[in-house]
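Have a look at the structure that comes next, please.
The values are calculated or read from the model by the stated rules, or taken from the named source; none is laboratory data. Computed from a predicted model, the values in this text were never measured in an experiment. Virtual Cβ from ideal backbone geometry, glycine too; neighbours counted across all protein chains shown. For the accessible areas, the whole protein counts, side chains as well, though only heavy atoms, and no ligand, DNA or RNA atoms are used. Shrake-Rupley method; radii C 1.70, N 1.55, O 1.52, S 1.80 Å.
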Amino acid sequence: MTARDLALPLILLIVGLAIGYFIAPPGKGVTTTVTTTVTVTGAPPAVTPTVTTTPAPEMRTPADTLIIAMDTSDAVSLDPARAYEFTSCFVTNQLYDKLVDFELPDLINVKPEVAERWEYSPDGLVWTFYIRKGIKFASGNPLTADDVVYSLQRVIKLKQTAYSVIEPFLKSPEQIEKVDDYTVRIRLNKTVAPSFFLSVLTFTTSSIVDSKVVEAHAKNGDMGSEWLTDHSAGSGPFVLERWDRESQFVLRANPNYWKTGQPILKTVIIKHVPEPTDQLLLIQKGDADVVIDLTADQVKQVEKQPGVKVVRVERFQNRYIGMNVAVKPLDKEEVRDAIRYCIDYDSIVNDILKGAAIKWQTVVPKGLLGANPKTPYYRNVTLAKQLLAKAGYPDGFEIELTTAPTYPAIDIATKIQADLAECGIRVKINQMTASMMYEKYRKQGLQLVLAQWGSDYPDPDSNAMAFANYRIRQLAWRNSWYDDYAADLAEKASAEMDLKRREEMYLTLTDYILDHGPYAMLYQEVAQQVIRDYVKNWLPDPTFFVLDLSKVSKVVGS
Amino acid sequence: MDLRTYVMRRLILMAFVLFGIVVITFFVSHVIPADPIGAILGPQASPELVEKIRREWGFDKPVHEQFIDYLIKLSKGDLGKSIRTNKPVMEDLLYFFPATIELATSAMVVAVAIGIPLGIVSAIKKDRWPDHVSRIFALMGVSMPVFWLGLILLFVLYYKLGLFPGPGRLDPGVPEPPRVTGLLLLDSLLAGNFEALSNALWHLALPSFVLGYYASASITRITRAALLEVLNQDFIKAARSKGLTERVVLFRHALRNALIPTTTVIGMTYGSLLEGAVLTETIFAWPGLGRYSTGAFLSVDFLAVMGATLLIALIYSLANLIVDILYAFLDPRIRYA
């Protein structure tokens with residue numbers, strides 16, 4: 001039995017040596033044996049596979065299939081009346097058309113889609129949309145005014161998550177009516193800026209569903225909502241073949257696609273790969289064509305590898321510190337200014353985010369109408385201390401900062417704690433899960449909060465209202481900032497018919513918030529998506545739901 | 001007491017345990033100051049919308065009323081509806097559980113295949129180098145974090161050497177067999193789809209090794225200890241003195257007795273593999289129960305969390321019961337008491 005006794009340990013030794021060989025850092029030699037691997041206990045070392053210079057590999061995935069690896073755990077439903085998360089909006093956008101849409105990279109002027117033209121009354125209250133003739137749904141049914149009316153009324157009747165986007169001006173189904181088979185009239189219940197209304201119509205909530213197909217699957221008056229969770233009934237470039245939860249979305253080309261005959265890709269597979277390191281391996285190996293969620297370090301690392309490209313774009317997503325004005329001493333403007341002058345913005349952007357953000361200090365993000373590029377705040381401890389002394393707090397004060405325990409929030413919170421400490425402000429960091437944090441935040445129950453805000457649709461209103469208007473009970477209200485000037489201006493700007501004047505109003509408003517608001521805006525996020533270089537027409541998209549996959553193709557070379 | 005009464009008694013006891021778990025998970029999840037509706041709706045939602053949807057889901061009712069509602073539903077086998085997936089929790093569990101069973105079972109096979117032989121070798125070569133190597137190997141198993149080992153193996157065997165496929169249950173190009181049981185191996189066998197079968201097996205290899213290796217450590221150690229103890233007993237000496245070969249002594253006499261504690265450990269380990277697959281499932285993008293429950297937990301999806309907990313508890317208790325019954329087959333001296 002001696003031979004057999006020897007076999008197992010020998011195999012183990014060989015396996016151990018092999019592992020040791022591959023994980024040994026280059027240059028150290030292959031002296032790593034089983035025993036060195038054994039010492040790995042306690043805190044696990046971060047696995048950072050080193051990039052080797054390999055020749056540009058050929059395409060490993062089928063040329064007519066796009067494979068995207070990303071974290072899709074946020075997806076709840078693909079029913080346009082419910083879809084409201086990044087993943088579900090991204091997928092839904094490939095399945096449906098809307099009356100109007102944006103075309104990248106222009107996110108200021110909307111383009112016709114299902115509606116070939118439109119007109120509105122001088123007061124901006126009554127809109128008429130003329131539907132393009134000859135559009136067919138994937139089912140083969142023609143798309144008519146009935147479908148448009150049905151789809152928009154459906155959102156109002158169901159009152160699901162995504163309803164909040166149109167809620168301010170579309171409250172009753174009667175506001176949407178059919179004029180004839182190819183004309184729809186919409187009456188808004190208050191004047192909103194045309195650019196604002198059209199922008200909202202580009203959001204996936206306004207997707208046009210095939211009323212006949214949806215009604216055929218309706219159950220207990222749910223207008224097909226349960227069925228639409230993981231089925232599609234649209235006229236978009238793709239049809240949902242299947243959604244295996246926690247696993248993948250499979251999209252097939254719509255053979256009836258009216259815009260181009262049919263999309264270039266036959267299949268799009270969106271794989272749920274929650275672990276960024278897995279995504280890194282997949283894109284390096286070429287088993288995924290696009291990955292979305294690499295960390296800043298991983299992007300830096302993969303960038304040097306031939307065969308891959310990094311697509312960067314400033315997303316409409318800002319991180320800020322909210323200061324509850326109802327909490328002393330945050331009610332004093334000097335104190336809020338002092339906090340803004342304590343923070344080391346550059347270090348947060350460069351050292352923590354490492355390229356995944358830009359410094360941005362106003363509330364309307366870069367890329368939108370009325371974006372204000374001013375960055376007056378910088379780290380100035382002396383000035384901050386003077387401001388604190390002037391406010392009557394020469395020795396500083398104690399305050400609680402609440403944040404979710406996720407990367408990079410916790411790193412930023414720690415950095416801010418250290419920054420503020422130098423000005424004498426003693427910060428206690430309070431971590432809670434996002435759901436707990438927002439529960440308290442909604443009840444005005446936080447002191448300092450480190451949070452994020454993303455625009456729903458490409459229009460400044462989504463941010464301006466939230467940050468300025470306490471009456472709608474969003475961010476201004478949550479931070480107890482009852483400023484009528486800011487609230488009025490935000491409301492006026494949302495109803496301004498003239499684009500130029502509207503832009504000026506937002507510039508004024510963002511200036512005002514910069515000086516008086518209860519926020520320290522830290523940065524605007526930069527999306528860094530990594531694609532194989534044979535993927536063509538994957539355009540940088542600040543929203544992630546405007547990108548139209550019907551134009552994407554895979555071509556080696558050129 | 002005969003076997004049937006014993007099983008009945010254990011089942012009744014189990015019902016109490018499960019009820020206790022329902023009570024605890026229900027109240028714990030309802031007392032924590034988190035808001036599932038807010039979590040689903042995100043930071044943007046207006047307070048009015050949050051209130052409206054909260055009413056729709058019945059979360060505005062007093063906790064005890066919600067509890068009674070839950071119990072009534074539960075008695076009908078209804079676990080409620082998941083806030084996150086908008087589907088009955090039962091349906092979700094049935095959807096996600098097979099992937100985990102498949103992973104945990106094959107991990108168990110790996111664990112047993114590594115653990116028992118290694119334990120035997122250790123015991124018969126006690127304090128000699130095979131014993132030391134096996135101890136080190138077992139120690140590595142418990143001390144290497146699952147996700148670290150998983151990533152290393154993916155890096156070496158998938159990325160560097162290309163010997164194994166990447167994360168997931170199947171390659172994207174491979175057509176999935178129609179879903180019958182949800183167990184991919186079984187389904188592809190039923191459909192006669194051998195491409196899917198071999199692809200699925202291949203995908204299963206790394207995660208089950210990672211998970212199984214972790215579990216093999218305790219099996220190795222317990223087998224070794226039990227075997228050593230048995231080998232010192234008089235009946236082994238008697239067997240040896242009768243002139244039986246070492247092989248017969250070992251496999252016919254010693255091992256059968258030594259495997260009793262090992263069986264317990266295997267039973268317990270299986271339960272913990274089912275719930276402990278979370279990290280492995282994350283690393284290998286494995287759409288199983290572990291991932292479902294983490295997702296549910298993070299979005300405070302009460303009903304889903306409670307359903308998953310209940311299911312795991314049920315399996316734990318059943319595994320325990322089965323282990324106890326198996327005892328009797330392995331060792332007739334054990335009485336049910």
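Let's see how each residue does on (1) part of a helix (DSSP H, G or I); (2) more than 10 Å from chain B (Cβ to nearest Cβ); (3) open to solvent by less than 60 Å² (accessible area, probe 1.4 Å); (4) at pLDDT below 50:
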position	(1), (2), (3), (4)
A:PRO25	no, yes, no, yes
A:THR31	no, yes, no, yes
A:THR37	yes, no, yes, yes
A:VAL40	no, no, yes, yes
A:VAL47	no, no, yes, yes
A:ALA56	no, yes, no, yes
A:THR61	no, no, yes, no
A:CYS89	yes, yes, yes, no
A:PHE102	no, yes, yes, no
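Looking only at region A:101-134, count how many residues are touching a helix residue (DSSP H, G or I) at 6+ places or on another chain (Cβ under 9 Å) and among the polar types (S, T, N, Q).
1
Determine which member of the set B:ILE114, B:ILE136 is surrounded by fewer than 20 Cβ atoms within 10 Å (Cβ to Cβ), part of a helix (DSSP H, G or I), within 10 Å of chain A (Cβ to nearest Cβ) and touching a helix residue (DSSP H, G or I) at 6+ places or on another chain (Cβ under 6 Å).
That would be B:ILE136, the only listed residue that is surrounded by fewer than 20 Cβ atoms within 10 Å (Cβ to Cβ), part of a helix (DSSP H, G or I), within 10 Å of chain A (Cβ to nearest Cβ) and touching a helix residue (DSSP H, G or I) at 6+ places or on another chain (Cβ under 6 Å).
Among the residues of region A:358-368, are any hydroxyl-bearing (Ser, Thr, Tyr) and open to solvent by less than 10 Å² (accessible area, probe 1.4 Å)? If you could, list the steps in order and put the result at the bottom.
The initial filter retains those residues of region A:358-368 that are hydroxyl-bearing (Ser, Thr, Tyr), namely A:362.
Filter once more, keeping what is open to solvent by less than 10 Å² (accessible area, probe 1.4 Å): A:362.
Among the residues of region A:358-368, at least one is hydroxyl-bearing (Ser, Thr, Tyr) and open to solvent by less than 10 Å² (accessible area, probe 1.4 Å), which makes the answer yes.
Could I ask something else about it? Pull out all pairs, ordered by first then second residue, where Cβ-Cβ is under 8 Å, the residues are six or more apart or on different chains, the first lies in region A:376-387 and is in contact (Cβ under 8 Å) with a residue 40 or more places away in the chain, and the second is open to solvent by 50 Å² or more (accessible area, probe 1.4 Å).
The qualifying pairs are A:ARG379/A:ASP346; A:VAL381/A:GLU422; A:LYS385/A:PRO394; A:LEU387/A:GLU334.
In this structure, does A:ILE269 turn out to be within 11 Å of chain B (Cβ to nearest Cβ), more than 19 Å from the chain's Cα centre (by Cα) and either within 29 Å of A:GLU58 (Cα to Cα) or at pLDDT 95 or above (or both)?
yes
Tell me yes or no: at least one residue of region B:64-81 is of a type outside the set (Phe, Trp, Tyr) and within 14 Å of chain A (Cβ to nearest Cβ).
Yes, there is a match, as at least one residue in region B:64-81 is of a type outside the set (Phe, Trp, Tyr) and within 14 Å of chain A (Cβ to nearest Cβ).
Could I ask something else about it? For region A:438-459, name all the residues that are farther than 18 Å from A:TYR470 by Cβ, within 8 Å of chain B (Cβ to nearest Cβ) and modelled with pLDDT of 90 or more.
The answer is A:GLN452, and nothing else.
Can you work out which of the residues in region B:146-160 that are facing chain A (nearest Cβ under 8 Å) and without any contact (Cβ under 8 Å) to a residue 60 or more places away in the chain is most open to solvent (accessible area, probe 1.4 Å)?
Taking the candidates together, the pick is B:LYS160.
Out of (1) open to solvent by 60 Å² or more (accessible area, probe 1.4 Å); (2) at pLDDT below 95, what's the single condition that is false for A:ASP146?
Going through the list (1) open to solvent by 60 Å² or more (accessible area, probe 1.4 Å); (2) at pLDDT below 95, A:ASP146 breaks only (2).
Looking only at region B:247-270, decide whether some residue is at pLDDT 85 or above, in contact with a strand residue (DSSP E or B) (Cβ under 7 Å, 6 or more places away or on another chain) and either within 13 Å of another protein chain (Cβ to nearest Cβ) or open to solvent by 20 Å² or more (accessible area, probe 1.4 Å) (or both).
Taking every residue of region B:247-270 in turn, none turns out to be at pLDDT 85 or above, in contact with a strand residue (DSSP E or B) (Cβ under 7 Å, 6 or more places away or on another chain) and either within 13 Å of another protein chain (Cβ to nearest Cβ) or open to solvent by 20 Å² or more (accessible area, probe 1.4 Å) (or both).
Could you grab me the full set of residues in region A:511-541 that are under 20 Å from A:LEU450 (Cα atoms) and part of a helix (DSSP H, G or I)?
A:ILE513, A:LEU514, A:ASP515, A:HIS516
Look through region B:24-56, keep the residues that are open to solvent by 70 Å² or more (accessible area, probe 1.4 Å) and outside any helix (DSSP H, G or I), and return whichever of them is modelled with the lowest pLDDT.
So in region B:24-56, the residues open to solvent by 70 Å² or more (accessible area, probe 1.4 Å) come out as B:24, B:27-28, B:31-33, B:48, B:51, B:55-56.
Filter again for outside any helix (DSSP H, G or I), leaving B:32-33.
Working: B:ILE32: 75, B:PRO33: 70.
It comes out as B:PRO33.
Sticking with this structure for a sec: Kindly establish whether A:VAL546 is β-branched (Val, Ile, Thr) and surrounded by fewer than 20 Cβ atoms within 10 Å (Cβ to Cβ).
No: the conditions fail for A:VAL546.
Mind listing just one residue for me: the one in region B:1-41 that is without any contact (Cβ under 8 Å) to a residue 60 or more places away in the chain and of a type in the set (Lys, Arg) and, of those, farthest from B:ASN320 (Cα to Cα)?
B:ARG4
Moving on to the next point. Please note which helices (runs of 4 or more DSSP H) are completely contained in region B:221-316 and include at least 1 residues that are within 27 Å of A:ILE270 (Cα to Cα).
B:255-276, B:278-283, B:289-298
While we're looking at this one, here's another question. Could you check B:LYS81 against (1) closer than 16 Å to A:THR161 by Cβ; (2) surrounded by fewer than 14 Cβ atoms within 10 Å (Cβ to Cβ); (3) modelled with pLDDT of 85 or more and say which number it fails?
Condition not satisfied by B:LYS81: (2).
Which of the residues belonging to region B:286-299 are aliphatic (A, V, I, L, M) and open to solvent by 10 Å² or more (accessible area, probe 1.4 Å)?
Once the filter is applied, which keeps residues that are aliphatic (A, V, I, L, M) and open to solvent by 10 Å² or more (accessible area, probe 1.4 Å), region B:286-299 yields only B:LEU298.
Which condition does A:TYR506 not pass, out of (1) more than 24 Å from the chain's Cα centre (by Cα); (2) in a helix (DSSP H, G or I), if it passes all the others?
For A:TYR506, the failing item is (1).
I need the full set of residues from region A:233-244 which are in contact (Cβ under 8 Å) with a residue 60 or more places away in the chain and open to solvent by 20 Å² or more (accessible area, probe 1.4 Å), in order please. Spell out the reasoning first.
To start, the set of residues in region A:233-244 that are in contact (Cβ under 8 Å) with a residue 60 or more places away in the chain comprises A:233-240, A:243.
Result: A:VAL239, A:TRP243.
Take residues that are away from chain B (no Cβ under 14 Å), touching an Asp or Glu at 6+ places or on another chain (Cβ under 8 Å) and more than 21 Å from A:LEU95 (Cβ to Cβ) and tell me which of the helices (runs of 4 or more DSSP H) falling wholly in region A:111-226 contain 2 or more.
So the answer is A:194-201.
While we're here: So which of A:THR433, A:THR406 ends up being closer than 30 Å to A:GLY367 by Cβ and open to solvent by 50 Å² or more (accessible area, probe 1.4 Å)?
On inspection, the qualifying residue turns out to be A:THR406.
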